[in-house]
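Note sheet for the following structure.
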Amino acid sequence: MQERPVLSDRQINRELLDFVLHTPIWFWGVLLLLGLVFGAGFIAVVYLISTGLGVWGENWPVMWAFEITNFVFWVGISHAGVMISASLRLTQAEWRRPVTRAAEVLTVFALATAALHPAVHAGRFWRVIYWVFPYDFFRGIWPNVRSPLIWDPSAIFTYLTGSSLFIYSVLIPDLAVARDRSTGWRRKFYGILALGWRGNPRQWRLQTLAGILLSGLILPVFVSVHSIVSFDFAMALVPGWHSTVFAPYFVIGAVWSGVAAVATLMAILRFLFKLHNYIRPDHFDALGRLLLVVGNAWFYFFILDFIFGLFAREETEVAIWQARIFEWPFNVLFIIFLLTAYILPVPLLMMRSVRRSVTMMFLTSMLINIGMWLERYILIVPALQYKQAFQFSWSTYQPQLPEWGLVIGSFGLVALGVLLFAKIFPIIPIYEQKESQVFAAEIKVGKATVPGVIRE
Amino acid sequence: MVAQRQSLLGLFASADAAAEALDQLEAKAGVTPDEFDVLTSSPYPEGAFGEKPVAHRLYIFPIAGALCGFSVGLLLTIGTQMAYPLITHGKPVIAIPAMLIVIYEGTMLGAILFTILGILFESRLPAFGVGLYDPRISEGYVGVVVSTTSDKVSTVERIMRDAGAADVIAGPPRGS
């Protein structure tokens, strides 16, 4: 971290609260655009509900396709936030400061969007209530409360609740700054949310401990959530899914796509909110190095899954891998997936010039997430589509327009959520920036002057 | 006759000036760490202003929460399995492996919820009103709040101004 502009508290307040307290004209344009994108998904869901599940391209045996792919994708994205935020807080990494909140907010909106998918997949989402209060009990239709599908809601509920409270607890000091710097209804609004924060040593001490303690608590939950999502597949007896490597493979894949999504988000925030003083090339450099490690770890698990599939020479496993790699349309998707998820981004990330270029990091991180979306699709659909013994009814899967609408709309919903959050609350932690100024000092090493960081 | 208590808030442009003022207040006016509070817009290293180390029992909260969450998770999984006693593959109705994940998530949720409550409780939040405070603190000023008897008010104010306070504001005593 050699770059460290010296900023006064007043300047930090002004720059980081500018978008919160004033509304630029472009905001309405972006809001409209994202509203339209989200609207596409909303219309797709309304059409699905009013017409029925037949409007999707799903048919026996492919009853999970775009929706579960999108569900896994967004749960994966949600892993970035807390993983980055919690691990960087625990290790007191200095470059965490501008990254943590955006990453945490991405977690919450990605996870909430993911959680909508199973309900939408039910077709008539109000029927979800029957899963909780099964009225069909007396007719002999019993819910299996021991099903792995029960584990998902419990894990996601814990993760979503924990992440949301985590964001709020570390937001309180910034809400107090917003209270002090605003007038009228805003002052009342932020005043209520700030809970009477004053900023005395006791409150700061507890605030620092909160970050560490909650990070320690939420990291195991983060690992459990995507492991449990992987159990949705691995606990089933579908060939191609029934693998012991799925839990770590899913977790590391989630981190790979999630950290890439944070890099994308940081580039967009820097561009939109002119946060050049706070989100600097050295932050992208650090994110790029982290991505390099995670990307290679993910590829290792991908290779493991591939080898485990082929090593036993089980006929169905081999056939599914053959379908993934050689059969249309999965063969083309497989090539795009490999190129975008590993072959292109990893060598790019090895270059310092790429890691320090905001534009290149934006493009590289986008590539990774295209690849990781395809990874989930290729993992799910060919395995279901394979015609197994004694299966007399099967079809190939063709995604339909309402499914595309749902996928596109989900991106609109997450982006809209993050934008609205950034409009109401500071997206870069103000007190963290001030703390970095307090704890920083110029140190002379020989003839060079470098910024040093005091650490408690 | 017991002297009435009053609070004074001195605003200092730097942490060094505030620390110096607190030294002077202790030496010349006998202000003890129990009688002052320091307000800042960012965390400072513990003891930077000579304040007492913060005593708290935050670590009890996650443990208590985890125990509550574990109990709820256990009751929920046993309760639902007893309510819908569906026998699959001849296995026991109460299947421990299937319960572990829900119990684990319940335990962690309890720990997180209680930790949040603990943070608020130990931070003495929510507080009704901010008390003696000035919005300039969020612009980088360091606020030193001294709670003292009315006969010492003028001495405390003079010491604060001599130490470089940009402003000194009087207010009701802490806690009122």
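Values in this text are rule-based calculations from the coordinates and carry no lab data. Remember, predicted model here, so these are calculated numbers, not experimental data. Neighbour counts run over all protein chains shown; Cβ positions are idealised from the backbone, glycine included.
Miscellaneous remarks
- Proxy reagent accessibility, fewest Cβ within 10 Å first, across A:TRP404, A:TRP373: A:TRP404, A:TRP373
- Whole-number percent relative contact order across the range A:256-374, with pairs defined as alpha carbons under 8 Å at least 6 apart: 42 percent
- When only Cα pairs below 8 angstrom with a gap of at least 6 residues are kept, chain B shows a relative contact order of 51 percent.
- Lys-Lys pairs in the protein assembly as shown that are eight or more residues apart or on separate chains and whose Cα atoms lie under 27 Å of each other come to 10.
- Anisotropy class of the range B:60-122 from Cα gyration tensor, a/c 1.5 cut: prolate
- Backbone HN-Hα couplings from phi across the range A:104-121 [Karplus 6.51/-1.76/1.60, Hz, Gly and Pro as x]: 5, 5, 4, 4, 5, 6, 5, 5, 5, 5, 4, 5, 6, 4, x, 5, 5, 5
- Cα gyration tensor category, rounded, prolate or oblate, for the protein assembly as shown with a/c compared to 1.5: prolate
- Fully extending the segment from A:LEU344 to A:ARG186 would add 52.2 nm, taking 0.36 nm per residue of separation and subtracting the current Cα-Cα distance.
- When shorter helices are ignored and each DSSP H run of at least 4 residues is given -39500 (n - 2.57), the per-residue value for chain A at 222 nm works out to -24000 deg cm²/dmol.
- Angle in degrees between helix A:281-311 and the longest Cα principal axis of chain A, rounded to the nearest 10: 20 degrees
- Cβ-based exposure ranking for A:LYS447, A:LYS423, in which fewest neighbours within 10 Å come first: A:LYS447, A:LYS423
- Under the shape rule built on the C-alpha gyration tensor, where the axes satisfy a ≥ b ≥ c, the range A:268-417 is oblate, since a/c reaches at least 1.5 while a/b does not exceed b/c.
- Note on A:LYS274 and A:SER395: their simple-model spin labels are 5.5 nm apart, each label 7 Å out from Cα toward Cβ.
- Between the C-alpha center of the range A:27-57 and that of the range A:249-308 there is a gap of 29 Å.
- Counting other Cβ atoms within 10 Å as a rough exposure proxy, the listed residues A:GLU314, A:GLU58, A:GLU435 run A:GLU314, A:GLU435, A:GLU58 from fewest neighbours to most.
- The phi torsions of the range A:225-230, fed into the Karplus equation with coefficients 6.51, -1.76 and 1.60 and a -60° offset, translate into couplings of 4, 6, 4, 5, 4, 5 Hz, rounded to whole numbers, with Gly and Pro shown as x.
- Between A:ALA448 and A:ARG289, the simple spin-label model (points 7 angstrom out along Cα→Cβ) gives 1.3 nm.
- Exercise: per-residue mean of other protein chain Cβ atoms within 10 Å, B:31-44: 6
- Between the range A:400-416 and the range A:70-130, the C-alpha centres lie 16 angstrom from each other.
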